[in-house]
Amino acid sequence: MKFSAALHRRLHWLNLPGALLVALLQRTPVVRVAASAANTALVSPVSQILKAAATTLGAVGAVHSMAGATVLVPSTPGPAAGTVGVAFPTIAFTVSGAQTAPASYTIGGSVPPGLTFKALGSTATGVTTGIINASTLQLSGTPTAAGQFVISLKAWEGTNGTATSSTFSYTVNIANPAPTITTQPGNVTVSVGGTVILSAAAAGSPTPTFQWFKGIAPNSTLISGATSSAYVISIATTADAGSYTLVATNSLGSATSNAATVTVTGGVTAPPAFTVLPVSLTAAAGNTAVFNSVATNSATYQWRKNGVAIPGATAAGLTFNSLTTANTGIYEVVATNILGSVTSPAVTLVVTGPLIARLSNLSVRTTLAANQILTVGLTMSGGNKAVLVRAAGPGLGALGVPGTMADPRLDLLSAASPPVQIAANDNWGDPAADVPAVSAAIAATGAFPFLTTTSLDAALVRFINGGHTVQVSGPAAGNLIVEAYDTGTANTPRLTNISARNLVGTGDDVLIAGFTVAGSGTKNLLIRAAGPSLAAFGVPGTLVDPKLVLRNSDQVIVAENDTYAAALVPVFASVGAFAFVPGAKDAALIVSLPPGGYTVIVSGADGGTGNAIIEVYELP
């Protein structure tokens with residue numbers, strides 16, 4: 001067979017061995033088309049496509065009507081494989097074995113999304129259905145969805161889908177990609193206490209999950225909670241230095257980032273530690289007092305009183321140049337550096353002053369079951385003084401309180417062991433001889449009046465000295481208020497301790513007691529909520545974890561405590577209060593209060609219930 005000069009030039013472009021070219025010219029019409037289309041050969045890797053086609057002749061059969069046996073010849077044998085998001089390798093299609101080369105194709109079946117057909121070497125926009133006038137097709141693009149796709153190609157001898165045809169099928173499998181790291185984390189150098197931010201990115205479908213590791217596999221350690229594409233160390237320590245990698249994982253596999261090195265330099269290497277601690281103080285008003293502390297490791301300081309930060313108190317020591325009773329309280333200092341904080345043990349400051357204020361009354365409002373006993377304690381110091389004691393049920397109902405106790409009874413007992421009944425009353429109008437004294441005491445103290453002498457409220461007036469107990473109960477359940485009033489105005493004698501013991505419930509059934517500070521200036525007080533320590537005295541079913549909250553008459557929280565500070569133990573002893581069991585969760589605080597009304601609320605810090613006692617003690 002002889003070839004023209006032009007054909008020789010085209011054969012040179014095709015770069016095919018002569019024997020293979022002859023074989024292809026004898027068997028494949030597309031070669032004759034390619035050999036006569038110089039422009040197509042220039043813009044397409046035809047030589048590679050034809051070489052691939054030569055190896056796959058006869059690989060795909062067809063139902064045909066074109067003259068002679070026909071075979072679809074793809075440059076990549078089916079099924080072809082691709083990956084979502086990755087450019088698909090171009091595949092060329094022609095037909096072998098027909099006497100006449102195809103002039104057009106009908107595209108049908110299922111073409112993978114993102115891939116299209118067009119004439120080999122064409123710059124036109126590809127299609128996924130319809131007719132293409134060409135002897136050779138190409139499939140190309142970037143897949144956008146995974147799955148198995150079966151394409152139908154019908155080859156026609158005439159243009160525009162005319163004359164005889166053969167139909168072929170071709171399968172393409174598209175898979176989702178395993179993760180790949182698209183952005184590698186970079187090295188970071190910070191000083192101790194600085195912030196480290198390691199950031200990376202990964203692609204994949206399904207969307208990958210992330211996990212950071214410290215160290216390099218196989219000796220790496222999983223970092224708990226570090227499951228986003230960024231890992232942040234807010235306050236770096238020398239222990240954070242090392243190598244870090246990100247592993248991105250989905251159902252198709254995983255990818256590991258390059259190792260990023262974190263270098264931590266200089267700065268403090270440990271949280272603060274106290275070398276000097278403050279100690280409790282008692283001093284007279286007008287004097288100077290100083291709390292001292294020293295902490296290591298470049299600490300800063302913040303002093304707190306009764307758990308609240310003191311503005312401007314940020315030195316190692318806390319100095320009081322001219323003490324007032326208002327300085328009475330519980331103090332602690334917090335030392336902080338970039339690696340953490342440490343709080344000193346609490347200490348107390350009690351500032352003594354002139355006796356110009358006193359406790360003037362106690363009231364307890366509660367709900368009692370039938371025959372349940374509420375116990376109230378009173379201590380009068382400095383001699384005998386008249387006290388008004390009341391248990392109001394019907395009288396409380398007249399003020400709009402629902403569900404009041406119909407007929408309360410009270411008993412006044414001595415503090416002897418066993419206690420001795422000193423007085424009792426069931427109905428305040430009986431005996432009639434006591435009514436004038438009770439009425440006068442009600443008026444003098446400002447207590448709310450009973451409407452009639454026939455009401456079933458209980459009340460009595462008695463002179464007491466020392467410790468006494470009031471017990472209140474009733475034959476039927478209901479709400480009531482128990483009150484004890486100092487009926488005089490002098491500070492000596494005076495009430496120095498008041499208390500109330502009852503079952504603490506939840507909601508409206510917590511233990512609530514009110515008291516009043518009368519006089520002028522301020523009054524130093526120790527307030528306690530005892531629960532677990534009562535068990536040492538044989539009290540059953542005690543409140544395991546009492547919480548104490550003190551509010552003023554405007555219902556503003558003045559102070560609160562959940563578990564008492566060990567520094568208060570000497571204060572307990574100084575006023576004769578019973579000792580708490582070491583480690584128990586009883587609550588206590590010391591305050592200095594101006595004249596006015598106050599409310600103490602005791603509840604279970606953990607929502608629990610049980611017996612508890614509220615105590616208010618005068619401090620010097």
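The values are calculated or read from the model by the stated rules, or taken from the named source; none is laboratory data. Remember, it's a predicted structure, so these values are computed and weren't measured experimentally. Reconstructed Cβ throughout: ideal geometry from the backbone, glycine too, with neighbour counts over all protein chains shown.
Miscellaneous remarks
- Pairs where the first residue, in the range 482-505, is more than 17 Å from Gln471 (Cβ to Cβ) and basic (Lys, Arg) and the second is crowded, with 22+ Cβ neighbours inside 10 Å and at pLDDT 95 or above, C-beta under 6 Å, 6+ apart: none
- Residue match in the range 356-379 (condition: over 27 Å from Glu483 (Cβ atoms), in contact (Cβ under 8 Å) with a residue 60 or more places away in the chain and not small (Gly, Ala, Ser)): no
- Members of the range 454-474 that are among the hydrophobic types (A, V, I, L, M, F, W, C), in a loop (DSSP other than H, G, I, E, B) and buried (at least 23 other Cβ atoms within 10 Å of the Cβ): none
- Residue check for Pro271: surrounded by fewer than 16 Cβ atoms within 10 Å (Cβ to Cβ) and in a loop (DSSP other than H, G, I, E, B): no
- Scope the range 317-338; condition surrounded by fewer than 19 Cβ atoms within 10 Å (Cβ to Cβ) and either touching a helix residue (DSSP H, G or I) at 6+ places or on another chain (Cβ under 6 Å) or in contact (Cβ under 8 Å) with a residue 40 or more places away in the chain (or both); matching residues: Phe320, Thr324, Ala326, Thr336, Ile338
- Beta carbons closer than 9 Å, at least 6 apart along the sequence or on distinct chains, pair a first residue in the range 105-129 that is among the basic types (Lys, Arg) with a second that is surrounded by fewer than 17 Cβ atoms within 10 Å (Cβ to Cβ) and not in a strand (DSSP E or B) for Lys118/Ala124; Lys118/Thr125.
- Hey, Ala476 touching a helix residue (DSSP H, G or I) at 6+ places or on another chain (Cβ under 6 Å) and modelled with pLDDT of 95 or more or not: no
- Set side by side, the residues Ala477, Ala447 differ, and just one is farther than 22 Å from Gln372 by Cα, touching a residue at least 12 places away in the same chain (Cβ under 8 Å) and surrounded by 14 or more Cβ atoms within 10 Å (Cβ to Cβ), which is Ala447.
- The residue that is farthest from Val602 (Cα to Cα), counting only those in the range 501-521 that are touching a Leu at 6+ places or on another chain (Cβ under 6 Å) and at pLDDT below 95, is Asn502.
- From the list Ala424, Ala416, the lone residue that is without any contact (Cβ under 8 Å) to a residue 60 or more places away in the chain, exposed (fewer than 15 other Cβ atoms within 10 Å of the Cβ), assigned to a loop (DSSP other than H, G, I, E, B) and not assigned by TED's automatic domain parsing to the domain that holds Phe537 is Ala416.
- Residue within the range 350-363 that is surrounded by fewer than 22 Cβ atoms within 10 Å (Cβ to Cβ), part of a strand (DSSP E or B) and of a type in the set (D, E, K, R) present: no
- Within the range 61-89, the set of residues being part of a strand (DSSP E or B), over 53 Å from the mean Cα position of the chain (by Cα) and modelled with pLDDT of 90 or more comprises Val71, Leu72, Val73, Pro74.
- Flag if Ala443 is of a type in the set (Gly, Ala, Ser), touching a Pro at 6+ places or on another chain (Cβ under 9 Å), more than 30 Å from Val575 (Cβ to Cβ) and not in a strand (DSSP E or B): yes
- Here Thr164, Thr144 are screened, and the one residue that is touching an Asp or Glu at 6+ places or on another chain (Cβ under 9 Å) and touching a residue at least 60 places away in the same chain (Cβ under 8 Å) is Thr164.
For (1) within 20 Å of Leu359 (Cα to Cα); (2) surrounded by 22 or more Cβ atoms within 10 Å (Cβ to Cβ); (3) of a type outside the set (Ser, Thr, Tyr); (4) within 35 Å of the chain's Cα centre (by Cα), each residue gets a yes or a no:
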| site | (1), (2), (3), (4) |
| --- | --- |
| Leu526 | yes, yes, yes, no |
| Phe537 | no, no, yes, no |
| Ala579 | no, no, yes, no |
| Ala605 | no, no, yes, yes |
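- Residues in the range 230-255 that are within 26 Å of Pro177 (Cβ to Cβ) and either modelled with pLDDT under 90 or surrounded by fewer than 17 Cβ atoms within 10 Å (Cβ to Cβ) (or both): Ala230, Ser251, Leu252, Gly253, Ser254.
- Residue in the range 307-314 that is in contact (Cβ under 8 Å) with a residue 24 or more places away in the chain, surrounded by 13 or more Cβ atoms within 10 Å (Cβ to Cβ) and either part of a loop (DSSP other than H, G, I, E, B) or outside the structural domain of Ala587 (by TED's automatic domain parsing) (or both) present: yes
- Residue within the range 171-189 that is within 18 Å of Ile91 (Cβ to Cβ) and surrounded by 18 or more Cβ atoms within 10 Å (Cβ to Cβ) present: yes
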